[in-house]
Amino acid sequence: MSAEVTLLGVRHHGPGSARAVAAALEQLRPDVVLVEGPPEADPIIGLAGDKEMVPPVALLAHAVDDPARAAFWPFAVFSPEWVAVRYALEAEVPVRFIDLPAAYGLATEPAGGQDPSEPSGGVPGGTSPDGRPGPALPAGEGPAGDRPAGDAPDGVLPAGGPAGGDPIGALAAAAGHDDAERWWEDVVEHRAPGADALAPFTAVAEAMTALREDGGAGRRDELREAYMRQQVRAARRAGHRRIAVVCGAWHVPALATMPTVAHDRALLATLPKKVRTEITWVPWTHRRLSQHTGYGAGIASPGWYHHLFSTDGDPLARWMTMAADLLRQEDHPVSSAHVIEAVRLAGTLAVMRGRPLAGLTETLDAVRSVMCDGSDVALALVHDRLVIGDALGEVPDAAPAVPLQRDLTRLQRTLRLKPEPEARELDLDLRKENDVARSRLLHRLRLLGVDWGTPSRSAVNSTGTFRESWRLRWEPEFAVRIVEAAQWGTTVEDAATGKAVETAARAGELGALTGLVERCLLAGLSRALPAVMQVLADRAALDTDVAQLAGALTALVRALRYGDVRGTDSGALDAVARGLAERICVGLPPACTGLDAEGAAAMRRSVDEVHTAISLLENAAGPGPDRTPDTAPDHTSGTGPDAAPDPAPDNDAAISRAGGPDGAARPAADALADRWAATLGSLARREPAGGAATGVPGLLRGRAVRLLLDDGRLDSAEAGRRMGLVLSTASAPADAAGWVEGFLSGGGALLLHDARLLGLLDAWLAGVPGEVFTDVLPLLRRTFSALEAGVRRTVGAQVAAGPLGAPSARPAGPAADLDEERADAALPTVALLLGLAGPSPAGPGGPGDGLRLIPRQADRRSA
Amino acid sequence: MTTATTAGTATAEVLREHAEDAFAAELAALAAQDDRPRPERWRLSPWAVATYLLGGALPDGTVITPKYIGPRRIVEVAVTTLATDRALLLLGVPGTAKTWVSEHLAAAISGDSTLLVQGTAGTPEEAVRYGWNYAQLLAHGPSRDALVPSPVMRAMADGKIARVEELTRIPADVQDSLITILSEKTLPVPELGGETQAVRGFNLIATANDRDRGVNELSSALRRRFNTVVLPLPATLDEEVDIVTRRVGQLGRSLDLPELPGGAEEIRRVVTVFRELRDGVTADGRTKVKTPSSTLSTAEAISVVTNGLALAAHFGDGVLRAGDVTTGILGAVLRDPVADQVVWREYLEGVVREREGWKDFYRAARENVR
């Protein structure tokens, strides 16, 4: 036993530790390097030296039969373990991982509760749990395998760790510092390696020994340390003379004193049975290194660490220059003088705070004060791009397949979808379970950027919501994309969920978010929805562009309908859609004021979209017995003090009704419809009193009246009166023309189906005095010329046929000699088409119920 | 002249003592025990200045009362800035203790907080540079004796801290006369063919209102001579409610308003509304809301509540009700008649309507909105 074992206790992902390890190894020249990490990775450890391996990367171990049970060991350039591995590979000495095999950790079911006070690695930043959503995924872990308690080899064992759970915290407190992280930075990470590269490790080991004297090591730590000791013994037996061990500082004392072999064997005998695991390298990102889940052990500043580690000379000045560069790109005026002042301020702050070097806190304080004018907004940019950073790792092709690929292969087999390079069409019937699963898989892959299937127009039927057509084509580069996507999760579902949540957080526009919601619904990612919807709600709250809101509402309502077809829970979606509608109701009238012709035309489309969307939203809420559009919707008023029925679509009345006592329990759909009607009403009333800029353009007012009329919220007499007012000579001709256009737009055929409307127009036209008529004629000519030729002709014929003032005066040619018997014969078919239960007798209410389900045709263009 | 009056007035008689007089004992204790290096002409070391502002206990048991309650970081950056000979710009909405902090900084560093230029739209260049004693000028011609130095000029000569209040209210051309002072550390006097050079220890603290844009934005040349520190609004709801309650109480007494029931609840609601609209997110952190263009400072919340109290006492039923404060809130929120109206309506419909126990508030507010 003459072998010399040197223990290098580190903080995981500490750049100072990494430098110290590099210097120590250089001095030691060991003939074997043992690194804390999963021994399963030994066969692929050589890949770390590959040219194409670019950190940040992670070792990913997963149970073979259940890819969702996985653990990660991330490595960055500045991780001491990475430095050690690279050193060994370059010096061509053997390197081995010596932690307890991942197979034990994955053997136990991941428990739900994670103990936040258990950083058994003993150093801040030691664990790096990945922040993927969903309880099915066990938390990833630092290179030391600092598992949360639930992942312990034996879940029933008490969690380890020293009293208070934070050994560094205890040390820092002993040194009179309240911030453990900062203290460690000052004494270890910011210290340049001295003459004796091993001195810092001796000091750390002593401190840890003192800490561990009060016991504190948990059962799980004991197991891991026993295993590590066994590995050290094995290295000795193999004849190595100079053994370097790189492990978490916390473990150093336990490895320094070797108990008997029998003691360790007895301990390890208690381990559960191993599960079959596979391990591989996957690309990682700085952003994921920085994520915290539950217990704040993520690396808060990977970008900063990376800079500290990779910059020789003065890191502060370089970093400030980078920050200035970044701010300049975003149009903040930052000069070299600013950089100089920021460096000075950071240095002086460090002196005042008694720190050896300016740390991240001082640096950021200086950037905020000097370069960002004290603003946290600009600072957030620096934080996001420099402190965390965008680095994305790369893994060589030789790395074994990722679990995501395995999961995909398994799904391809069970769903009988073979990846083929030649394109083929696939029609899916979403009423079949297998087809729904296939559709979900394709949609999920699309979210992950693997466009194996692209939606196509079906030759069979393109309108049914239960049918979906795909064009399948497997491209070789998808394999690479899947490796890239492996960072999001180990199964297709998890990965798609993770990706969707991340995409939502970075989405810039409302439209992108609603699109994402639709895709999440299509892909059946119910776990991603809450997060995406939260972002959507936040974004909508800040958006002031009514047109954008309208687009988002339409998309959401469409998504709601998909949700119906696919049986997804869409409660959250409904709530957000209603919130959006609410915002539109508030924001629409001001947004419509003073629009020019072009803006008005665009806004009219938005208004139409919102109208359709709101009525669909109502329908989706489930039809009630009294939800016919013609009854005044005052049944929601309940007993509220403001509940007096008010047939006029008055803004205030509608809103107080919704605020009534029973409106709180569940915002009734009618309340929303009421609000929308009130909004339209106020739109219709806002006439431009003093110039076009002072009111709503005629196009929109006419459209509002028409929509209200279609919904039965205005009677034809009132609509006629308004039409008369608008078309009088007092109105500006352009405005009047717009009004008629808005009123008749998209519904020329309506004049044929609804004689009431044509009657209105005809009656008014007949009442126009001769001299005014010549003024009005061009306006009407323009509107009618936009109508379809057939409609124009029929309108002309009907007008020529005689007076049509009232709806009853509708030309009733065929109705005169109706063959009742023949008509009855068609009834069962009609009933079937309408989806009514059995041929219903023409009793009162029967057909009425059915008819209610027919979507309104009012807005359908007859072209 | 100034010195004469100060000396002639017994300290007990003045309405408000200068910081260096009011806390003379603390400053002396700090100076006595401060063994850290001090920049030239500083009465205390930077560390002791920070302690003076943030409070603490000295080794001999002297307790230093906290002058500023807020993030430690801010005070540290401010003191460090002054030590690096860069000028300090304190930004913040009204009522965030900008003036208070600047006064105490000057008192602790130079032992003199009186070298003050109050910025107004009418602040002349003489207030920043120097003026002339015209009698002297006419009698003896231009000379040093005829020169009337500004507080800034005196601070330069003595190596002290000068203060400029409300820097952004000062006309741009007058502001810019600070550029030479801050970059060259000298004040030329062309009439006498000389200059006054700043000696070590001179620095300048300016305060400005950062929500009140459009007054006189600093030129970028001037701006880059300053390190900026933004003084934040109260961090928590309770802290702000506490501040409002205390101030309303003081104001109410001086206005002889009777104590009214219902005040505590309404104050909490007013502060909640102000905070939510200001922060753009509801108190529970779940929903985002739009932010109006108005400032919505704590000071405005105080005036809304005081106003409501007066309404309730003189015209109401003697109880502070939602209706008494909603009018005031509306006035505070709506600065832009169109955009802010939308913000307020959305807030009412989206947040207030659904909130438990706010029904009366919602109704009262609805009545005020058209």
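The values are calculated or read from the model by the stated rules, or taken from the named source; none is laboratory data. Not measured: the values here are computed from a predicted model. Because the Cβ atoms are built from the backbone with ideal geometry, glycine has one as well, and the counts that use them run over all protein chains shown.
Within segment B:72-84, identify whether any single residue is over 21 Å from B:ARG163 (Cβ atoms), at pLDDT 90 or above, among the aliphatic types (A, V, I, L, M) and outside any loop (DSSP other than H, G, I, E, B), and answer yes or no. Looking through segment B:72-84, none of the residues is over 21 Å from B:ARG163 (Cβ atoms), at pLDDT 90 or above, among the aliphatic types (A, V, I, L, M) and outside any loop (DSSP other than H, G, I, E, B).
Scanning segment B:83-122 for residues that are within 20 Å of B:ASN203 (Cβ to Cβ) and among the β-branched types (Val, Ile, Thr), we see that the one that is surrounded by the most Cβ atoms within 10 Å (Cβ to Cβ) is B:ILE109. One residue stands out among those in segment B:49-74 that are of a type in the set (Val, Ile, Thr) and in contact (Cβ under 8 Å) with a residue 12 or more places away in the chain: the one that is surrounded by the fewest Cβ atoms within 10 Å (Cβ to Cβ), which is B:THR65. Selection within segment B:37-80: residues that are more than 10 Å from chain A (Cβ to nearest Cβ) and polar (S, T, N, Q). The member of this set that is nearest to A:ALA346 (Cα to Cα) is B:THR51. Go over the candidates A:LEU408, A:LEU386, A:LEU404, A:LEU379 one by one and state the one that is more than 18 Å from A:THR285 (Cα to Cα), out of contact with any strand residue (DSSP E or B) (no Cβ under 6 Å at 6 or more places or on another chain), touching a residue at least 60 places away in the same chain (Cβ under 8 Å) and part of a helix (DSSP H, G or I). On inspection, the qualifying residue turns out to be A:LEU408. Just name the residue that is surrounded by the fewest Cβ atoms within 10 Å (Cβ to Cβ) out of those in segment A:343-387 that are away from chain B (no Cβ under 11 Å) and more than 37 Å from the chain's Cα centre (by Cα). My answer is A:PRO356. Of all residues in segment A:434-447, those that are within 14 Å of A:VAL517 (Cα to Cα) and assigned by TED's automatic domain parsing to the domain that holds A:ARG413 have Cβ atoms under 6 Å from Cβ atoms of residues that are part of a helix (DSSP H, G or I) and not charged (D, E, K, R), 6 or more apart or on another chain, in A:HIS443/A:LEU522; A:ARG444/A:VAL492; A:ARG444/A:ALA496; A:LEU447/A:ALA496; A:LEU447/A:ALA500. Restricting attention to segment B:256-277, the residues that are farther than 19 Å from B:ALA332 by Cβ and modelled with pLDDT under 80 add up to 7. Taking the listed residues A:ASP42, A:ASP65, A:ASP31, the one that is in the same structural domain as A:ASP264 (by TED's automatic domain parsing), farther than 27 Å from A:ASP390 by Cβ and either without any contact (Cβ under 8 Å) to a residue 60 or more places away in the chain or among the small types (Gly, Ala, Ser) (or both) is A:ASP42, with no other qualifying. When B:LEU218, B:LEU222, B:LEU138 are checked against the criterion of being aliphatic (A, V, I, L, M), out of contact with any strand residue (DSSP E or B) (no Cβ under 8 Å at 6 or more places or on another chain) and within 14 Å of chain A (Cβ to nearest Cβ), a single residue qualifies: B:LEU222. Just one residue in the set B:ALA221, B:ALA208 is within 24 Å of B:HIS104 (Cβ to Cβ) and modelled with pLDDT of 80 or more; that residue is B:ALA208. Consider A:ASP196 carefully, then state whether it is among the acidic types (Asp, Glu), modelled with pLDDT under 70 and surrounded by fewer than 17 Cβ atoms within 10 Å (Cβ to Cβ). Judged against the criteria, A:ASP196 is not a match.
Number of residues in segment B:85-104 that are modelled with pLDDT of 90 or more and away from every other protein chain (no Cβ under 14 Å) equals 3.
The rows are residues; the columns are (1) in a helix (DSSP H, G or I); (2) surrounded by 18 or more Cβ atoms within 10 Å (Cβ to Cβ); (3) away from chain A (no Cβ under 14 Å).
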site	(1), (2), (3)
B:GLU276	yes, yes, no
B:ARG286	no, no, no
B:ALA299	yes, no, yes
B:VAL319	no, no, yes
B:VAL325	yes, yes, yes
B:GLY331	yes, no, yes
B:PRO337	no, no, no
B:ALA365	yes, yes, no
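Count of segment A:489-510 residues, restricted to those that are surrounded by fewer than 24 Cβ atoms within 10 Å (Cβ to Cβ) and either in a helix (DSSP H, G or I) or out of contact with any helix residue (DSSP H, G or I) (no Cβ under 6 Å at 6 or more places or on another chain) (or both), is 10. Within segment A:8-24, being crowded, with 24+ Cβ neighbours inside 10 Å and not β-branched (Val, Ile, Thr) holds for A:LEU8, A:GLY9, A:ARG11, A:HIS12, A:HIS13, A:GLY14, A:PRO15, A:GLY16, A:SER17, A:ALA18, A:ALA20, A:ALA24. Against the list (1) within 14 Å of chain A (Cβ to nearest Cβ); (2) in a helix (DSSP H, G or I), the condition B:ALA313 fails is (1). Residues satisfying the criterion are present in segment A:524-540 (criterion: surrounded by 18 or more Cβ atoms within 10 Å (Cβ to Cβ), in contact with a His (Cβ under 9 Å, 6 or more places away or on another chain) and on the phi < 0 side of the Ramachandran plot). Among the residues of segment B:144-156, the one identified as exposed (fewer than 14 other Cβ atoms within 10 Å of the Cβ) and in contact (Cβ under 8 Å) with a residue 40 or more places away in the chain is B:ARG144. Considering only segment B:339-363, how many residues are more than 9 Å from chain A (Cβ to nearest Cβ) and touching a Leu at 6+ places or on another chain (Cβ under 7 Å)? Result for segment B:339-363: 3. Among the residues of segment B:83-121, the ones that are farther than 13 Å from B:ALA155 by Cα and either basic (Lys, Arg) or in contact with a Pro (Cβ under 8 Å, 6 or more places away or on another chain) (or both) come to 6 in all. Within segment A:305-342, the residues that satisfy the criterion of being free of Cβ contacts under 8 Å to residues at least 40 places away in the same chain, within 14 Å of chain B (Cβ to nearest Cβ) and of a type outside the set (S, T, N, Q) are A:ARG328, A:ASP331, A:PRO333, A:VAL334, A:ALA337, A:HIS338, A:VAL339, A:ILE340, A:GLU341, A:ALA342.
Please verify whether A:ASP652 is modelled with pLDDT of 80 or more and in contact with a Lys or Arg (Cβ under 9 Å, 6 or more places away or on another chain), treating the condition exactly as stated.
Spelling it out, it is not the case that A:ASP652 is modelled with pLDDT of 80 or more and in contact with a Lys or Arg (Cβ under 9 Å, 6 or more places away or on another chain).
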